[in-house]
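Reading through the structure tokens given below for one structure.
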Ligand code: PGA
């Protein structure tokens with residue numbers, strides 16, 4: 001058993017986003033029994049507009065849950081209409097930021113270089129990046145998975161020399177599709193990711209690597225039992241607080 005931190009992370013995307021939806025959801029969380037074990041963390045990533053109120057609700061209720069933003073701009077400040085900087089995110093009492101989600105890579109054409117700049121900006125404010133990586137179905141079918149992951153990791157982590165980040169392996173074809181990667185694929189790929197990290201000077205054994213892609217209460221128990229899986233990044237199934245809690249419980253029982 002490793003002593004890496006296990007994460008249960010909810011990515012609300014552009015779904016739970018109004019104040020009333022947030023209050024209703026967080027009201028459910030107040031009934032949760034959250035472990036004191038420091039090796040498990042719950043993180044919730046709502047849209048920017050409700051980050052501050054999410055942080056406030058959690059601290060008012062003294063809930064052991066942390067907040068992530070879903071994105072950050074890779075500049076400090078300036079003429080970037082509609083964008084949000086790391087400083088602004090920190091001002092909302094946020095400790096984590098998701099970077100390089102496949103929806104951002106695909107829909108907004110984010111590159112590994114941009115993702116690297118975002119990570120560097122987050123560092124200035126002690127915000128921990130949750131770095132999403134993963135291959136498309138076409139890349140997997142044409143045996144390009146290894147090279148894609150090597151590029152995403154080496155370019156994304158360029159000039160980063162501490163281990164204060166989390167990796168989420170999310171095969172693009174498994175996100176929101178109801179298809180999860182097989183156990184073998186996940187175990188092999190997580191091991192590959194640790195090896196890539198070792199090759200570029202990190203201690204891969206110390207870095208939490210999460211799986212994401214159609215995780216739900218029916219597959220979470222089996223997925224968390226896999227070697228090298230240190231928790232989940234959850235989209236669809238996290239939108240129902242009780243469903244998210246069931247997944248959290250499976251992680252808690254496994255550590
Ligand atoms: P999903 O999304 O759980 O709905 O597949 C995961 C993600 O996009 O992070």
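The values are calculated or read from the model by the stated rules, or taken from the named source; none is laboratory data. All values reported here derive from a predicted model rather than from experimental measurement. Reconstructed Cβ throughout: ideal geometry from the backbone, glycine too, with neighbour counts over all protein chains shown.
Only a single criterion out of (1) within 16 Å of the ligand (Cβ to nearest atom); (2) under 19 Å from the mean Cα position of the chain (by Cα); (3) at negative phi is not satisfied by residue 182, namely (2).
Residue 222: at pLDDT 95 or above, within 16 Å of the ligand (Cβ to nearest atom) and over 16 Å from the mean Cα position of the chain (by Cα), yes or no? Break it down into steps so the answer makes sense when it comes.
Details: at pLDDT 95 or above: yes; within 16 Å of the ligand (Cβ to nearest atom): yes; over 16 Å from the mean Cα position of the chain (by Cα): yes.
Yes.
Residue 153 satisfies every condition listed in (1) part of a loop (DSSP other than H, G, I, E, B); (2) within 24 Å of residue 8 (Cβ to Cβ); (3) away from the ligand (no atom under 14 Å from the Cβ) except (1). Figure legend. Inter-residue proximity from the stretch 170-194: first residues farther than 12 Å from residue 134 by Cα and free of Cβ contacts under 8 Å to residues at least 40 places away in the same chain, second residues within 15 Å of the ligand (Cβ to nearest atom) and part of a helix (DSSP H, G or I), beta-carbon distance below 9 Å, spacing 6+ or different chains. Indicated pairs: 178/236; 179/173. Scanning the stretch 186-213 for residues that are out of contact with any strand residue (DSSP E or B) (no Cβ under 9 Å at 6 or more places or on another chain), part of a loop (DSSP other than H, G, I, E, B) and farther than 23 Å from residue 38 by Cβ turns up 200, 201.
Quick one: in the stretch 113-139, of everything that is within 16 Å of the ligand (Cβ to nearest atom) and surrounded by 18 or more Cβ atoms within 10 Å (Cβ to Cβ), which residue is farthest from the chain's Cα centre (by Cα)? Talk me through it step by step, then tell me what you get.
Taking the stretch 113-139 as the starting set, the residues that turn out to be within 16 Å of the ligand (Cβ to nearest atom) are 115, 129-137.
With surrounded by 18 or more Cβ atoms within 10 Å (Cβ to Cβ) added as a condition, the list becomes 115, 129-135.
Details: 115: 14, 129: 8, 130: 4, 131: 7, 132: 7, 133: 10, 134: 12, 135: 16 Å.
Filtering the stretch 113-139 for residues that are within 16 Å of the ligand (Cβ to nearest atom) and surrounded by 18 or more Cβ atoms within 10 Å (Cβ to Cβ), the one farthest from the chain's Cα centre (by Cα) comes out as 135.
Residue pairs whose Cβ atoms lie under 7 Å apart, separated by 6 or more positions or on different chains, with the first residue in the stretch 1-22 and in contact (Cβ under 8 Å) with a residue 60 or more places away in the chain and farther than 20 Å from residue 95 by Cβ and the second within 16 Å of the ligand (Cβ to nearest atom) and not in a loop (DSSP other than H, G, I, E, B), are 15/239.
How many of the residues in the stretch 160-169 are more than 10 Å from the ligand (Cβ to nearest atom) and touching a residue at least 60 places away in the same chain (Cβ under 8 Å)? Adding up the residues that qualify gives 1.
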